[in-house]
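None of the figures in this text is laboratory data; all of them are computed from the coordinates on show. This one's a predicted model, so the numbers in the text were calculated from it and none came from an experiment. Don't worry about glycine lacking a Cβ; one is built from the backbone with ideal geometry, like all the others, and counts go over all protein chains shown.
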Amino acid sequence: MRHYEVVFMIHPDQSEKVLSIVEQYTSYVKKSKGKVHRLEDWRRRQLAYPINNLHKAHYFLLNIEIPREAIKELENNFRLNDMIIRSMITRVKNAIIEPSCIIKIKDERRNNKREDLIDNETNISDIEDSEE
């Protein structure tokens, strides 16, 4: 079996169906005797340029291990599904399981915000203590 990195973008009007669409593709991989090594929801993002007059899309990243024959069927499913506005399948040498750069940056920002909140709360309590 080969390893692939799959990125696909879902039409922004299909936000309520996003999870079922992703489940459809992950279950296909498992049914084809493959494995899903990584699944990341990059959420709704601005497109670099309009696609079919759309300016946003819901992005997903999958790292999968699947037989070569099954990847062709997956490509056809992406092409025939009107809810998928773009997809890209790239073969990779090994399974990638660590978080992508987008997720790492998002986590760093979240941690920085928490630290800022804690610092602000500490500063406020110091000010309140000094006023008493």
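What does the charge add up to near SER20, with Lys and Arg as +1, Asp and Glu as -1, over the other residues with Cβ less than 15 Å from its Cβ?
Details: positive: LYS17; negative: ASP13, GLU16, GLU23, ASP41, ASP82.
After counting each charged neighbour, the total is -4.
Write down the radius of gyration of region 1-112 and its Dmax, each obtained from C-alpha positions, in Å.
Reported Rg and Dmax, both Å: 14.3, 45.
Search the structure for amide H atoms under 5 Å from the amide H of ILE85, placed 1.01 Å from N in the peptide plane, and list their residues when 5 or more places away or on another chain.
Here the answer is MET9, ILE10, HIS11, since their amide H atoms fall under 5 Å of that of ILE85.
Treat every Asp and Glu Cβ in region 1-114 as -1 and every Lys and Arg Cβ as +1, leave all other atoms uncharged, and give the resulting dipole magnitude about the Cα centre to the nearest 20 debye.
360
Please compute, for the alpha-carbon atoms of region 27-92, the extent along each of the three principal axes and give them in descending order in Å.
Dimensions of region 27-92 along the principal axes of its Cα atoms: 37, 23, 20 Å.
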